[in-house]
Each structure stands twice: as C-alpha cells, then as structure tokens.
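The values are calculated or read from the model by the stated rules, or taken from the named source; none is laboratory data. If you're wondering where the values come from, they're calculated on a predicted model, not measured in any experiment. Note: ideal-geometry Cβ built from the backbone for every residue, glycine included; neighbour counts use all protein chains shown.
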Amino acid sequence: MDLSYFVGKKIATQSGKSFTRLIIRLAVAAVGISLAVMILAIGVVRGFQNTVKDKVIGFDGHIQVRNLDLNQSSELKLIDINQPFLEEARKHSQIESVAPFCMKAGIINTNQEIEGMVFKGVSSNYDWSFLESNLISGRLPALSDSQDTYEVILSKSVVDRLDLDTGQRIEVYFIHNAKVRRRRLNLVGIFNTGLGEFDKTVAFTDIRVVQRIYTPDYNVASGFEVTLVDLERMEDMTDWLDGIVGISLRAESVEDRHDVIFKWLKIVDSNALIIIVLMTVVAVVNLITAFLILIVDRTQMIGVLKALGARNGQVVKVFLYKGVSMVLPGLIIGNLVGLGLAFIQLKTGLITLPEETYYMSTVPLDISWDLVIALNVGTLVITMLMLLIPAIMVRFITPVKAIRFQ
C-alpha cells in the first residue's frame, strides 16, 4: 500500500485535538454552503433569464419578417400576404411554422372606462402554446380560414381595470384613414403572463377582423412570425431568412427587436459570476486555514516521517489526501442542500416574487446535471490546487525541530 495514502487515510479518520476537529468541520461546512449557494445562484439566474426570454418570444415569435422601413410603431407598413419566400421557408428543416399577423391600435370602450390596446390578429395556424399555458380563464379564440371570428382574449390586468369577464361583448374603436371603425368582439379568454408591459398593451384576435380594418379583403399582413426548431440557431436562421425575403422585406430576431431586455438579461450573468467568485474564495480561505492548523497539529508526525526516510513529496501527499477527505464531504453536503432546496422551490413555489416587478410570481430555477457536475468538478479542482500552497510548507519543516515541537 502507498505510504502517503496509508498515513493520509489514518489521519483522515482520527479525531485529533478538539480545536482542530472544530476547524476542519467548519471548513467542510464552508465548502458545502459555498457549493449550495453557487448551484442555487446559477439556477435562479438561468431560470430568470429563460422565463423572461420565453415570455418575450411568446408574444413576438423567434423571428419576424416585415416591411423594410424605419417604422418602430405597433402599426407596421402592410405587405402582401402571399410572399414568394414562404414556400422555401416552410420547407426548411429548422423552421417549425410561418404564420402571418396583422396589428392595429384600437380603443376598448366600456360604460365606465376606455383603454388603448394593440390588437394583434393571428391566423388559424398560429402557435397558441404560450398563451394556452398562461390562460387563467375561458378559452382561446376558435379561428377559421373561411370566416371572420369576432373573438378576443385580453390580459388579467386589462380585464381587472375595465371590470370585464369572459362571455361579455366589448366595443372596440379603430381609426383608419381618418375614419372611425367600430367592432364588437366577444371576450372569450383571459391570460396572465406576468410580463407587465406586454400584458397591458397587447390583445389577440382573428387576423381577418384586423385585415378588414385596412382593406375590404384579406390579402395584407403586418408581417410573418417564424417559429424555429432550435433556438440556438436563431442568429443563423435570421441571416438566412434575410437573404431570401427580398430587398423590400427584412428578417429580425426577437433579440434584435427587444435588445434592451436581452442585454439586461446578459448583464444578469455578471451577478452569478460574482457570487461564484465570492463563494469560491470563502471555501478556499476556510480550507487553507484548516489545513494550516492541521499541519501545525501534525508537526511532530511530519518530523517522525521525515526522520524515518519519507521524502518531502510523500509527506505533502499525506496532507493532500487529508484535503480530499475534507473537500468531498463538503461537496456531498453542498449537493444535498442545494438540490434539495431547488427541488422544494420547484415543487411548492415557496419563495414568491412581486410579479409586476420581476415578471414572475415565484423564484424560477433552471438546474441541469451538466451545471451540477461542472460546479462540483470546478470546486474540487480549484480547492485542491489552492491546498498545494500550504502543503508545500511541509517541505521546510526539519525533522529535529518538528520532533521537539510542542
């Protein structure tokens, strides 16, 4: 059996002095707490980013194809709904769907209140999965390709403000070419995404109803929403679409349209990085402190080993084995605490948030096994490298002085 491993195993299982025992336990606890905090911090940051990103994409799609102009308002310049690029785009393996939409600003008028909204008309092949998952009352509009469907869904914040409920008919006024056009729509559903600015301003209805505000037929649209199979390829697919839509149109990703939100989400990464650095420092400082105390406590043993002919490298390895016996229990504790708390939060939503501020009602978490493994390996490697610094001090301890050390 290897001498270093044998001696290291012995001192790892021995209690030693009570003070040394306490310091070592504190070091193990520091590693565990640091790892748990890192797991939760990165999980919360990733959960927050993914939740906000999914909600923005739910309203606007992955990529939009629209008229090439500088208009940034909700009422885009209309384009022909029969575009030559559609056939090629729908055949692409990375494109899940291409659906037209038509937008028009309008005013909801009730007996007591009025409210300005942007009415987004969508077609029968529109992907309702996002709104369906956030539907809290009623149903989605039952759209048809052959007849106008005068149905609409509104957000909970708008419905509460106007004192409306599903089953009611609402009057909506649109202004086009200096003429007021009135439409009566059935409120069939209420959704709540938590994305305040979007919830307050966007209503969903039949594209045919909105098209008829502009023209007597159904051959125009504000643009097309493209849903991708793989979100990681959004940038490449945006460039590809931009190349086939022609010179009068442009393809723009959701990240480009809402660059402020997505830049803000990227800045959030720095918070997780700061937490990781701080927690690593806490773990390393506690381990080095415990290691130094352990070396002092075992000075006589070091002297005896050297007097019996043990090389400096062998003695250093003894303490590195002891270091592993301190780090590994800390990692186990950290995983149990971090993943345990994450599981409780995911199942119960115990920790809540003000939805109007954070766009979600509970603390989100997104933890993958890749993340957990990377944090464990990274913590183990960094702590063991840092423990080499105090371990090297063993080389400078002479046998005579060490044996006499009290």
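Return yes or no: is R257 under 30 Å from S93 (Cα atoms), touching a residue at least 24 places away in the same chain (Cβ under 8 Å), under 31 Å from the mean Cα position of the chain (by Cα) and assigned by TED's automatic domain parsing to the domain that holds V122? Spelling it out, it is not the case that R257 is under 30 Å from S93 (Cα atoms), touching a residue at least 24 places away in the same chain (Cβ under 8 Å), under 31 Å from the mean Cα position of the chain (by Cα) and assigned by TED's automatic domain parsing to the domain that holds V122. The number of residues in segment 178-210 that are surrounded by 22 or more Cβ atoms within 10 Å (Cβ to Cβ), more than 20 Å from P100 (Cβ to Cβ) and of a type in the set (S, T, Y) comes to 1. Considered as a group, the residues in segment 351-372 that are assigned to a loop (DSSP other than H, G, I, E, B) and free of Cβ contacts under 8 Å to residues at least 12 places away in the same chain include one that is nearest to A36 (Cα to Cα), and that residue is S368. Of all the numbered requirements in (1) closer than 29 Å to D145 by Cα; (2) touching a residue at least 60 places away in the same chain (Cβ under 8 Å); (3) out of contact with any Phe, Trp or Tyr (no Cβ under 8 Å at 6 or more places or on another chain); (4) not hydroxyl-bearing (S, T, Y), R233 misses one, and that requirement is (1).
Looking across segment 107-130, the residues that are touching a strand residue (DSSP E or B) at 6+ places or on another chain (Cβ under 8 Å) and either among the hydroxyl-bearing types (S, T, Y) or part of a loop (DSSP other than H, G, I, E, B) (or both) come down to T110, S123, N125, Y126, D127. For segment 194-210, a tally of residues being part of a helix (DSSP H, G or I) and either of a type in the set (D, E, K, R) or outside the structural domain of I79 (by TED's automatic domain parsing) (or both) returns 4. If only residues of segment 260-289 that are of a type in the set (S, T, Y) and in contact with a helix residue (DSSP H, G or I) (Cβ under 8 Å, 6 or more places away or on another chain) are counted, the one that is modelled with the lowest pLDDT is T289.
Mind telling me which of the residues L154, L135 ends up being among the hydrophobic types (A, V, I, L, M, F, W, C), under 17 Å from A105 (Cα atoms) and under 27 Å from the mean Cα position of the chain (by Cα)? Quick ask: steps written out before the conclusion?
On the way: L135 fails: under 17 Å from A105 (Cα atoms).
After ruling out the rest, the residue left standing is L154.
Restricting attention to segment 136-151 and to residues that are surrounded by 16 or more Cβ atoms within 10 Å (Cβ to Cβ) and of a type in the set (A, V, I, L, M, F, W, C), the residue that is nearest to L78 (Cα to Cα) turns out to be L143. Applying the criterion of being within 24 Å of A374 (Cα to Cα) and of a type outside the set (A, V, I, L, M) to the residues of segment 20-36, the residue that is surrounded by the fewest Cβ atoms within 10 Å (Cβ to Cβ) is G32.
Given the structure, is I213 part of a helix (DSSP H, G or I) and surrounded by 15 or more Cβ atoms within 10 Å (Cβ to Cβ)? Write out each step before concluding.
Values: part of a helix (DSSP H, G or I): yes; surrounded by 15 or more Cβ atoms within 10 Å (Cβ to Cβ): yes.
Criteria met by I213.
If you go through segment 365-383 and pick out every residue that is surrounded by 17 or more Cβ atoms within 10 Å (Cβ to Cβ), modelled with pLDDT of 90 or more and of a type outside the set (V, I, T), you end up with 4. A search for C-beta distances below 6 Å between a residue of segment 330-345 that is on the phi < 0 side of the Ramachandran plot and in the same structural domain as A283 (by TED's automatic domain parsing) and any residue that is among the polar types (S, T, N, Q) and part of a helix (DSSP H, G or I), counting only pairs 6+ apart in sequence or on different chains, returns L331/N376. Every listed requirement among (1) surrounded by fewer than 17 Cβ atoms within 10 Å (Cβ to Cβ); (2) small (G, A, S); (3) not in a helix (DSSP H, G or I) is met by G243 save one, (3). Of everything in segment 219-230 that is farther than 14 Å from Q64 by Cα and not acidic (D, E), the residue that is nearest to the chain's Cα centre (by Cα) is V229. The single condition among (1) farther than 23 Å from P100 by Cβ; (2) acidic (D, E); (3) crowded, with 17+ Cβ neighbours inside 10 Å that D165 does not satisfy is (3).
The single residue among F59, F6 that is of a type outside the set (G, A, S), at pLDDT 80 or above and in a helix (DSSP H, G or I) turns out to be F59. Among the residues of segment 189-226, those identified as touching a helix residue (DSSP H, G or I) at 6+ places or on another chain (Cβ under 8 Å) and over 19 Å from Y126 (Cα atoms) are G194, L195, G196, K200, D217. With respect to (1) modelled with pLDDT of 80 or more; (2) at positive phi, the lone exception for M386 is condition (2).
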